[in-house]
Every structure is written in C-alpha cells, then in structure tokens.
Amino acid sequence: MPGNCRSSGGASWPIWKRQSAHISRAVALGAEFIGINNRNLRTFETALETSINLAVSMPSGTLLVSESGIVSHEHVLKLDQEAGIGTFLVGESLMRQDDVTAATRALLTHAIIIAGAEKSDALAVAQIAGIMAAKKTSELIQLCHPIILTKVSITIAEHDEDVIVVMATAETTGQTGVEMEVLVGVSTAALTLYGMTKTIDRGMVVIDICLMEKSVGKSGDFVWL
C-alpha cells in the first residue's frame, strides 16, 4: 500500500504500510511513527498477522500503530503480546455500534495497563504531539507569528511514581524568542498524556507550566528562580 512520510526534526507523520519493502523505506527515512494497515486492499480481508510479522523489522523506539481488523479486546491483547503494539485505530469496529462508549470500553478495557501503560507508547505519542504542536504554535495561538525552529525537543520523565515532568527545548536563528513554542509544546504533551491515561486516573492535574530559561533575543536572558 502506498504511503507518504513528512518528517522534520525527528518527528514523523504516520506512514501507512503493509509490505516489508515499504517498511524498509520508511525506516530508512528515519520515521519514528509508522502505521500498519492489516487490510488487503485487493481482497479487503484483514489479518492481524500483517502487523505482527512486520513489527519484527522495526527498529527499537519506533511507534507502531495497527489499523483494520481490530474488533475485540482479544485482538488488542494479541497485538500487544505478540508484536509489542499498544496503539490502534479502531473506528472501523465502533462506527456501527449502538453504544459507542460501551463498545470502546469493551474493546480497550485495561489495554493501556496491560500494554505496560505500555507506558512507552503513551510517552512517545505525547512527545510527538508536543513537538508537532510547538511547530504549529502560530496556528494554535492567535497573534503568534510563524517562527522557523532550528531545534525542538520534548523530554518526559518520571519524577516519582505519582509525578511526570514534561520539559521542552526550542531554538531559532530568528531575532525573536520561542517562549510560546515551548509552552505550547509542554502543554500539548501533558494534555496528550492525560487523554491517553485518563481511564486509569481522571483526577490527574496539569500544574506549574512555566518558562524556565531563555537566552538571547530582544528582551535578553531570563532564568526562573
């Protein structure tokens, strides 16, 4: 299945593939976010083994998303246990249900927990979301002008068992600061984490979003005390 990749600064848009040759090209491009379509577009039949077999060739750290043919909780578990895939597109199995909420719970109940919260998947998705949001700050926040970022990164680390710290770093060669870009990146990453894990604890709070340090620019240096 043909697919496209748009990559910048280490973050990639999804690439949807179902053949090993396509996967190899995607990996060679440095894609960190690869989707696998389990549907044969000639016969329209689906097979989870497509994702399971192709996952073997993925380098460590690649975020995999499996699509099509995922219609039961057992399918979710199979993909997690046999391929280490903890991220899914499941609209196909839900759109004809009378009670979409109940169907979603039945399909994904405990999926995040059993997949290790597959904490690595949740953190990777949040990291990508934060990077992409930082690059699109001017589209998300009114009156922010576009800035070409020469570097943007999101770091997510556990402070203790109840606290996760999200930090963003951004750089530009332009004559302006990137405060808004890092704040948008951190906020988006934190909210993405909440969205992916709220079934575990809806009482989570996002607090203390602030600028820690800034250097150069018209307003000079700044260090949060």
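The values are calculated or read from the model by the stated rules, or taken from the named source; none is laboratory data. As the structure is a prediction and not an experimental result, all values here were calculated from the model. As a convention, Cβ positions derive from the backbone with ideal geometry for all residues, glycine included, and neighbour counts pool all protein chains shown.
State the number of residues belonging to region 30-41 that are more than 18 Å from the chain's Cα centre (by Cα) and either surrounded by 21 or more Cβ atoms within 10 Å (Cβ to Cβ) or modelled with pLDDT under 75 (or both).
Residues in region 30-41 being more than 18 Å from the chain's Cα centre (by Cα) and either surrounded by 21 or more Cβ atoms within 10 Å (Cβ to Cβ) or modelled with pLDDT under 75 (or both): 1 in total.
Collect the residues in region 159-172 that are part of a strand (DSSP E or B) and not hydrophobic (A, V, I, L, M, F, W, C), keeping them in residue-number order. Let's see the steps before the verdict.
Just the residues of region 159-172 that are part of a strand (DSSP E or B), to begin with: 159-160, 163-171.
Scanning region 159-172 gives H159, D160, T169, E171.
Which residue is nearest to I128 (Cα to Cα), if the candidates are limited to region 46-72 and must be part of a loop (DSSP other than H, G, I, E, B) and in contact with a strand residue (DSSP E or B) (Cβ under 7 Å, 6 or more places away or on another chain)?
Among residues in region 46-72 that are part of a loop (DSSP other than H, G, I, E, B) and in contact with a strand residue (DSSP E or B) (Cβ under 7 Å, 6 or more places away or on another chain), the one nearest to I128 (Cα to Cα) is T62.
Answer yes or no: is there a residue in region 106-118 that is at pLDDT 80 or above and over 18 Å from the mean Cα position of the chain (by Cα).
Checking region 106-118: not a single residue is at pLDDT 80 or above and over 18 Å from the mean Cα position of the chain (by Cα).
Would you check which residues across region 57-100 are over 21 Å from the mean Cα position of the chain (by Cα), loosely packed, with under 13 Cβ neighbours inside 10 Å and of a type outside the set (D, E) and list them?
S72, M95, R96, V100
Of everything in region 119-158 that's of a type in the set (G, A, S) and assigned to a strand (DSSP E or B), which residue is surrounded by the fewest Cβ atoms within 10 Å (Cβ to Cβ)? So that I can check it myself, show each step before the final result.
Within region 119-158, the first condition is being of a type in the set (G, A, S), and the residues that meet it are 120, 122, 124, 126, 129-130, 133-134, 138, 153, 157.
Okay, now just the ones that are also assigned to a strand (DSSP E or B), so 153, 157.
Numbers: S153: 18, A157: 10.
So the residue we want is A157.
Look at region 73-99 and say how many of its residues are β-branched (V, I, T) and either out of contact with any strand residue (DSSP E or B) (no Cβ under 9 Å at 6 or more places or on another chain) or in contact (Cβ under 8 Å) with a residue 60 or more places away in the chain (or both).
Here the count works out to 0.
So, in region 173-225, exactly how many residues are under 17 Å from I154 (Cβ atoms) and either part of a loop (DSSP other than H, G, I, E, B) or of a type in the set (S, T, Y) (or both)?
12
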